[in-house]
Structure formats: structure tokens, C-alpha cells
Amino acid sequence: MTNSQIEIQAIAALVAVACAIPGAFLVLRKMAMISDAISHAILPGIVIGFFITQDLKAPLLILLAALTGVITVILVEYIQKTGLVKEDTAIGLVFPALFSIGVILIAKNANDVHLDIDAVLLGELAFAPFDRLIMGETNMGPKSLWVIGTILLTTLLLLFLFFKELKLSTFDKGLATTLGFSPVLLHYGLMTVSSVTVVGAFDAVGAVLVVALIIAPAATAYLLTDDLKKMILLSCGFGVFAAIGGYWMANLLNASIAGSMTTVLGVLFLLAYLFAPKQGVLSGYYQEKQQRVEVSLLVFLLHLQNHAEARERHVNHLREHINWQKVRAKTVLDLAIKNNLIQVSEGIVSLTEKGQKFTDEALNYITTNKATAIEELKSRFFLFRG
């Protein structure tokens, strides 16, 4: 492995972690697409910064681009608060306008300058190791590595200092205000960090990959956990995995590095979307099927409770009386027997003491409309689920 390969992977991994941290909060706040708006809308800031400094590597470009990102957020929220349009519409109005201004400025005043719009949008990690940070006569390594490293350390410091406040303002703005925190200040602080992160990663990986690294790892982690700390850690892990895995996939296929990394992120999200233990599609299908069986079991137990005659409680008659198919009837009977809710003697089904108690409590919960208590009841009585 060459030094350039190591540097590319290091830059990609740092960008992934730096994007994943604010990304987790943006996803939770349902503001994920604001990162896309910021990534495009900062173009006027870059162009204006170049007009002032005449230097594409000047720090002022980063500062003005970050400022443009914050202005984007302010404009989006101002339009949204009018109540005339929703947030997604406001985003769709603001960032194309600002991005177009940047494109016009380039076309009119910077045709002879290398402000390539395609490079801005797509980025190219393969070129990042060639842009070195030189201090005196010392080669300090890739400039992107230092920029992203500094942004990441700052982000981690702010996260450590304001984690409780960010968590509270994300999930309960009213309580945060009551406790003396300012949700508005925290919100714009988060947007500023997001803007600076996007700008810092802009030159190395481009806007498309930045948006993918902010949204996809956090969205994937969101499907796997309800704990904020775990979500942030998982987001960072998925981002780093996609960065490293995507690089080697691009190397193997001789394809775009940014495109390969984004593809890996898409695959990770698809796997979580399908197989997540609680929120995955297959898990949801299984839970729905399980609930249908358990509802059928409850209907079956109520039937037994309301019929004392042996004829009404015969195994064969139950299927005819409740109008169940043979497979469904056997499934419900097996579930009731496994949980010791019924006993069968010579084809006659009877409630056990446990089954009688469960049925009485379930009926009480149903009549008092305490739907959430049913799950607690099942957890106490069921050894096996449907």
C-alpha cells in the first residue's frame, strides 16, 4: 500500500466521522436535506472569497462559505415560518437560487480561473494527497487531512461540552427552554458546525459525497438503535467502513472513489432497512404476523371462556366455529399449549388457571382501552411468542 493510498483512506475516514456527528442530529431533527442545501449554496461564498483574495487556498474562502451556509439555514427557516410553504419547499427555493448566483458569478467574472463546477459537485479524493501543506520547507502532509482533522477535533470538543443541551433541544425544545437552554442558539450552533464541516470536506470529496456521509450513516444507525450515543458511534463506524470499503471497491473496479463510497453507504442502508431487528421491513412483517397470531389467540381464549359446553370446545369444532383455516388453527393451538394457557384432553380444550387469569386481565385491558398494557401483559404471561 502506497503513502497516497493511506492518505486517501485517512482523509476519507476523517471526513466520514466529521460528517457523521452533526449528521446524527440533523437526521433526528428531520433536517437531513439541509446538508444538501448547504453543500450547494456555499458556492457564492467561495466565489466571493476568491474575488477578495485572488487565492483559491485562502482561509477566507472557508469562512465566507461557512457564513453562506448559515445564511442558507436562516433563509430556509424564515420562509418556512411564514407558514406559506413547508420546509422541503423552502429548501428547494433557497439553495438553487444561491447556487445559481455562484454559477453566474463564475461564468461572468472567473472564466479564466479553475473553479470547475463539476469538480465542486463531484470532488476527487484521488487528487487530495497532491495538495500539500507546506510550512517553511517542511511538508506537513495533505492539506485536507489537517483541515478535516482540525474541524473534527473542534466538533468533538463541542459535542463533549454541549451533548446534554443538544440532546435535550433535539427531543424536547420546550423542556430545554424551561431549564434555561436556548434551542435557537443551539440550533444555529449545530448549523454552523454543519456548514464548516461541509466546507472543509468540499475540496477533498465534493458535495455529493459530503451529503451522503452526513445522511446515510446516521439514517442507517437510526434504524438500529434508540440510544443517541450508540447512534453517533454507529454512524461514525458506518461512515469509516464505507470510506475504507468504498476506496478498495473503486480500486478493484477502477471506478470513481466518491461513487463507490456512496454505493457502499447505500448498500449498508439497504441492509439495515431490510434486516434491522426492530424497524426493518422483514422485522416489521414478522411482528405484524406475530400480532395477528396473538390476536387470534386472544379471540380463541375468549371463546373458551364464554362456552362451557364440551361440544363448543372440541378441537375440530373450534376451527369451524371461529372460521379458521387448518394451519392457522394449529398455529394458535400450539402457541396456547406452549404458553400453558390451555390443556387438551380427548379433543376437548380447556383453559388452565394461567390461561383463565390471562384472559381475565386481557379482557379488562380491552374494555378499558389500555392498548399499550397488552404488550406488558404478554411479556408477563408468554414464554413463547407467535
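Would you check which residues across region 154-168 are touching a residue at least 60 places away in the same chain (Cβ under 8 Å), open to solvent by 60 Å² or more (accessible area, probe 1.4 Å) and either outside any helix (DSSP H, G or I) or under 23 Å from Ile62 (Cβ atoms) (or both) and list them? Answer for region 154-168, where residues must be touching a residue at least 60 places away in the same chain (Cβ under 8 Å), open to solvent by 60 Å² or more (accessible area, probe 1.4 Å) and either outside any helix (DSSP H, G or I) or under 23 Å from Ile62 (Cβ atoms) (or both): just Leu156. Looking only at residues that are within 15 Å of Gln291 (Cβ to Cβ) and aliphatic (A, V, I, L, M) in region 356-372, which one is modelled with the highest pLDDT? Filtering first and then ranking leaves Ala362. State yes or no: is Asp55 touching a helix residue (DSSP H, G or I) at 6+ places or on another chain (Cβ under 9 Å) and either more than 18 Å from Val198 (Cα to Cα) or modelled with pLDDT of 80 or more (or both)? When the stated conditions are applied, Asp55 passes them. Residues in region 169-188 that are of a type in the set (D, E, K, R) and either open to solvent by 70 Å² or more (accessible area, probe 1.4 Å) or within 15 Å of Ile21 (Cα to Cα) (or both): Lys173 only.
Check whether at least one residue in region 189-201 is touching a helix residue (DSSP H, G or I) at 6+ places or on another chain (Cβ under 8 Å), hydroxyl-bearing (Ser, Thr, Tyr), open to solvent by 20 Å² or more (accessible area, probe 1.4 Å) and without any contact (Cβ under 8 Å) to a residue 24 or more places away in the chain, and report yes or no. No, region 189-201 has no match at all. Would you pick out the residues in region 12-41 that are of a type outside the set (A, V, I, L, M, F, W, C) and open to solvent by 10 Å² or more (accessible area, probe 1.4 Å)? Correct list: Arg29, Lys30, Asp36, His40.
The values are calculated or read from the model by the stated rules, or taken from the named source; none is laboratory data. Note that the structure is predicted; figures quoted are calculated from it, not measured. Every residue, glycine among them, receives a Cβ derived from its backbone with ideal geometry; neighbour counts consider all protein chains shown. Side chains included, ligands, DNA and RNA excluded: accessible areas come from the protein's heavy atoms. Shrake-Rupley method; radii C 1.70, N 1.55, O 1.52, S 1.80 Å.
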